[in-house]
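The block underneath contains the structure these notes are about, expressed in structure tokens.
The values are calculated or read from the model by the stated rules, or taken from the named source; none is laboratory data. All values derive from a computational prediction rather than experimental measurement. Don't worry about glycine lacking a Cβ; one is built from the backbone with ideal geometry, like all the others, and counts go over all protein chains shown. Each accessible area value is taken on the protein alone, full model and side chains, heavy atoms only, with ligands, DNA and RNA left out. Shrake-Rupley method; radii C 1.70, N 1.55, O 1.52, S 1.80 Å.
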Amino acid sequence: MVHLFSRLTRLISRVSRFSKSIPESGSPPPPTTEQDKGTREPTREVIFEARSLRDDVDAWIESLQLATLEHERVQVGNRAYAYAMKVSRC
């Protein structure tokens with residue numbers, strides 16, 4: 001979970017510099033060219049990272065449904081972190 005938050009924070013920091021949002025997974029990433037460096041649009045690398053992180057967060061959230069061995073306090077806390085990650089992705 002800490003690793004996911006670290007990745008999410010890093011990605012949000014990188015994306016906040018762009019003037020455009022990252023396209024949904026159904027849209028192809030824009031081609032990357034030399035002139036993209038310094039531009040205000042997300043690069044292929046950032047788009048790939050965002051989509052990969054989204055998949056990893058979704059997988060972690062699904063795994064929370066199966067986790068029954070932890071104390072209830074831990075389960076509730078993990079769900080709170082999971083929802084916070086989903087909100088920050090919007």
>> Condition (residue is open to solvent by 70 Å² or more (accessible area, probe 1.4 Å), modelled with pLDDT under 85 and over 17 Å from the mean Cα position of the chain (by Cα)) applied to the range 42-64: is it met by at least one residue?
In response: no
> If you go through the range 65-84, how many residues are of a type outside the set (D, E, K, R) and more than 17 Å from the chain's Cα centre (by Cα)?
Replying inline: 10
>> ARG17 - would you say it is charged (D, E, K, R) and modelled with pLDDT of 75 or more?
In response: yes
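When you check ALA80 against the structure, is it without any contact (Cβ under 8 Å) to a residue 12 or more places away in the chain, surrounded by fewer than 11 Cβ atoms within 10 Å (Cβ to Cβ) and assigned to a helix (DSSP H, G or I), yes or no? Walk me through how you get there before you give the answer.
Values: without any contact (Cβ under 8 Å) to a residue 12 or more places away in the chain: yes; surrounded by fewer than 11 Cβ atoms within 10 Å (Cβ to Cβ): yes; assigned to a helix (DSSP H, G or I): yes.
Yes.
Here is a check on your reading of the model: is LEU69 aliphatic (A, V, I, L, M), out of contact with any Gly (no Cβ under 9 Å at 6 or more places or on another chain) and at pLDDT below 75? Explain how you work it out, then say what you get.
Details: aliphatic (A, V, I, L, M): yes; out of contact with any Gly (no Cβ under 9 Å at 6 or more places or on another chain): yes; at pLDDT below 75: yes.
Against the criterion (aliphatic (A, V, I, L, M), out of contact with any Gly (no Cβ under 9 Å at 6 or more places or on another chain) and at pLDDT below 75), LEU69 qualifies.
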